[in-house]
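The structure under discussion appears below in the form of structure tokens.
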2 protein chains.
Amino acid sequence: MKDDAVIILSEKELRSYVKLDEQVIAQVEQGFAALEAGQATVPPIMMLPVPDKDGEVDIKSAFIKGLPGMAIKIASGFFHNNEIGLPSQSGQMLVISAETGFLQAVLLDNGYLTQVRTAAAGAIAAKYLAPRNVDTVGVFGCGVQARYQMEALFLVRPFKKIYMYSIDSDERKAAFVDDMTKGLKVEVVSAEIGEEVAAHSGIIVTTTPARKGYFKPEWVRPGMHITSMGSDSEDKQELLPEVFRGADIIACDLKSQCFRLGELRSAVAADIVTDETPVQELGAIIHGRQSGRIDDDQVTICDLTGVGVQDTMIALMAYDIARKKNAGIRVQR
Amino acid sequence: MKDDAVIILSEKELRSYVKLDEQVIAQVEQGFAALEAGQATVPPIMMLPVPDKDGEVDIKSAFIKGLPGMAIKIASGFFHNNEIGLPSQSGQMLVISAETGFLQAVLLDNGYLTQVRTAAAGAIAAKYLAPRNVDTVGVFGCGVQARYQMEALFLVRPFKKIYMYSIDSDERKAAFVDDMTKGLKVEVVSAEIGEEVAAHSGIIVTTTPARKGYFKPEWVRPGMHITSMGSDSEDKQELLPEVFRGADIIACDLKSQCFRLGELRSAVAADIVTDETPVQELGAIIHGRQSGRIDDDQVTICDLTGVGVQDTMIALMAYDIARKKNAGIRVQR
């Protein structure tokens with residue numbers, strides 16, 4: 001009478017099956033393409049604030065026509081957790097059958113799949129928007145996502161050197177330098193000031209939870225590509241609004257989200273991006289309906305807030321691998 | 001470094017721990033009270049339609065201040081499932097800690113907890129709005145929820161007789177009569193026409209998935225209480241809009257939902273309920289800010305669409321019991 005059992009997968013298993021590689025990037029790219037083709041239904045993010053704990057639970061999802069399932073992602077950020085020795089971020093995804101509506105899998109990934117699919121979007125932005133040949137890239141922030149962004153970027157633009165700037169502790173900055181030097185076998189510089197990063201880098205990735213713009217318009221140089229992925233709520237911002245003034249191409253993952261939660265929010269508030277300003281979604285560029293970079297001197301910016309289609313694509317991939325491997329714990333409903 | 005393990009609970013376990021009883025009704029009533037007291041955050045329902053399969057996945061949630069956790073409910077209705085021998089409805093709830101944002105439990109209830117908390121809301125509506133002494137009650141529909149509604153109602157208004165009307169098969173109607181006769185030890189009549197139900201019953205509960213109003217205004221009699229819980233989407237309707245014309249008290253679970261998805265939607269569309277019409281939320285009546293029934297001759301209607309606070313209340317109750325009993329499968333994240 002009922003569908004198959006539900007598969008429960010742990011973070012450890014998911015990490016062993018899903019790696020940040022070309023396949024994941026291609027998978028996430030397909031998600032953006034489906035969005036552009038009108039084949040995806042992406043409801044607005046459901047947000048549950050828990051003010052007492054400086055916390056919030058966000059729920060994202062997307063149904064993509066033609067796929068066997070869809071993901072529902074529950075992601076939490078509770079910023080008092082550090083005080084009790086717990087990570088502030090947590091999360092998991094559910095895979096729901098698009099054939100029957102039945103729950104098929106619970107992916108207890110503790111946010112790992114989100115880290116990967118977010119980095120994949122950064123790689124896709126760079127693939128279409130960054131200059132073809134880049135020796136040096138810059139990153140703001142030295143956290144987990146900064147690492148993933150560099151790894152993903154390396155797959156599409158194999159650079160030789162990273163400049164990193166962060167306001168984090170010396171210890172954490174040193175750990176980033178160490179990890180990236182060993183992991184990617186590139187030179188990594190921990191810059192003293194943000195300007196130093198901008199001065200050397202053809203591609204900039206901003207990955208901080210900043211609540212105030214810090215990336216300055218005077219740092220923008222011809223040919224620079226900026227992917228900004230830190231802002232995903234109304235109170236976050238990394239780029240000063242004037243940065244957008246110098247952009248030849250402004251791209252984003254999903255306009256309806258970015259104008260509300262991303263860098264574009266403050267650019268609009270500052271009246272620098274207006275109704276007249278062309279802003280392209282990544283999907284349109286992937287589809288070729290809008291052009292990506294066509295010239296080495298263009299300045300390009302991509303604002304990423306994270307879209308449910310990314311979650312659905314990576315969750316289905318993980319579920320598919322796990323099923324083929326007969327992995328996880330199978331539980332009867 | 002991480003929180004406890006995640007507890008996975010099966011439908012069978014949940015059925016053994018959570019019964020439709022006074023405790024559940026009191027629990028759900030507390031949820032409505034919290035809503036009225038401004039202590040609940042109830043985001044709009046996230047809806048994912050899957051048109052190919054005549055399906056939809058709905059996500060409901062609510063954070064209630066002061067409680068240790070919150071539920072996220074994923075409920076599916078896929079109306080082609082019958083063709084492949086599967087139930088059209090499925091669902092499960094997640095319990096998320098309101099302290100840390102971590103996932104604490106996956107309740108694989110297959111919609112059982114929803115059935116129970118929905119019936120509990122019906123009982124709460126009757127408790128405050130139905131006449132004190134009622135011998136005979138009527139129900140439209142003979143499905144699972146019709147049974148639960150009768151059971152819940154019996155706890156607050158111990159009636160002697162049920163009149164049931166349904167357009168379902170004779171077999172299913174006979175099963176309802178049999179189940180209710182044995183379960184509640186009351187007389188059950190399968191009525192030939194809807195009017196017969198209305199003519200005999202002091203309380204009416206409508207529990208059908210009708211897409212067109214069938215309950216007629218001329219069936220309304222002085223003193224009658226109607227709880228209508230079938231409509232929970234823009235295309236459903238059980239009461240003809242004119243039914244509202246005769247009501248002395250119009251109540252509902254959540255105005256913002258009922259005006260969009262419940263019976264009140266068509267009553268507003270027909271201009272029978274207007275901005276001037278007083279409509280009370282159950283929470284306001286529970287709190288005593290609005291009065292419930294004060295007179296045996298009043299006609300009262302309560303429109304129920306199902307609110308996330310009900311899910312959070314019942315899920316936390318289930319989780320609490322399961323934890324104390326050390327039940328379920330414990331999975332490491």
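The values are calculated or read from the model by the stated rules, or taken from the named source; none is laboratory data. Please read these numbers as outputs of a predicted model, since none were measured by experiment. Here the Cβ positions follow ideal geometry from the backbone for every residue, glycine too, while neighbour counts run over all protein chains shown.
Please verify whether B:R265 is of a type in the set (K, R), farther than 14 Å from B:E36 by Cβ, crowded, with 19+ Cβ neighbours inside 10 Å and in contact with an Asp or Glu (Cβ under 8 Å, 6 or more places away or on another chain), treating the condition exactly as stated.
It is true that B:R265 is of a type in the set (K, R), farther than 14 Å from B:E36 by Cβ, crowded, with 19+ Cβ neighbours inside 10 Å and in contact with an Asp or Glu (Cβ under 8 Å, 6 or more places away or on another chain).
Looking at this structure, is A:M224 closer than 19 Å to A:I250 by Cα, aliphatic (A, V, I, L, M) and modelled with pLDDT of 95 or more? I'd like the intermediate steps shown before the answer.
Values: closer than 19 Å to A:I250 by Cα: yes; aliphatic (A, V, I, L, M): yes; modelled with pLDDT of 95 or more: yes.
Yes; evaluated as a whole, the condition is true for this residue.
Please find, among B:L35, B:L20, the residue that is away from chain A (no Cβ under 13 Å) and either in a loop (DSSP other than H, G, I, E, B) or touching a Cys at 6+ places or on another chain (Cβ under 8 Å) (or both).
B:L20
For every residue, the table says whether it meets (1) of a type outside the set (S, T, Y); (2) modelled with pLDDT of 95 or more; (3) closer than 16 Å to A:T206 by Cα.
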| residue | (1), (2), (3) |
| --- | --- |
| A:P87 | yes, no, no |
| A:V106 | yes, yes, no |
| A:L113 | yes, yes, no |
| A:L129 | yes, yes, yes |
| A:G138 | yes, yes, yes |
| A:A146 | yes, yes, yes |
| A:F154 | yes, yes, yes |
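Out of curiosity, is A:G77 within 16 Å of the chain's Cα centre (by Cα) and either within 11 Å of chain B (Cβ to nearest Cβ) or at positive phi (or both)?
Judged against the criteria, A:G77 is a match.
Look at A:A62 and say whether it is surrounded by 24 or more Cβ atoms within 10 Å (Cβ to Cβ) and under 22 Å from B:M47 (Cα atoms).
In short, yes.
Please find, within the stretch B:108-134, the residue that is farthest from the other protein chains (Cβ to nearest Cβ) out of those that are aliphatic (A, V, I, L, M) and closer than 24 Å to A:V331 by Cα.
For the stretch B:108-134, the residue satisfying everything is B:V116.
With the structure loaded, tell me whether A:A105 is within 14 Å of chain B (Cβ to nearest Cβ), touching a residue at least 24 places away in the same chain (Cβ under 8 Å), under 30 Å from B:G55 (Cα atoms) and more than 16 Å from the chain's Cα centre (by Cα) or whether it fails that test.
yes
Return the total of residues in the stretch A:89-100 being modelled with pLDDT under 95 and facing another protein chain (nearest Cβ under 7 Å). Please lay out each step first, then the result.
If we filter the stretch A:89-100 for residues that are modelled with pLDDT under 95, which is where we start, we get A:89-90.
Subset that is facing another protein chain (nearest Cβ under 7 Å): A:90.
Of the residues in the stretch A:89-100, 1 are modelled with pLDDT under 95 and facing another protein chain (nearest Cβ under 7 Å).
In the stretch B:39-74, what residues are more than 7 Å from chain A (Cβ to nearest Cβ), in a strand (DSSP E or B) and under 18 Å from the mean Cα position of the chain (by Cα)?
B:D58, B:K60, B:A62, B:A71, B:K73
Looking at B:Q298, B:Q310, B:Q332, which is the one that is of a type in the set (S, T, N, Q) and within 22 Å of the chain's Cα centre (by Cα)?
On inspection, the qualifying residue turns out to be B:Q310.
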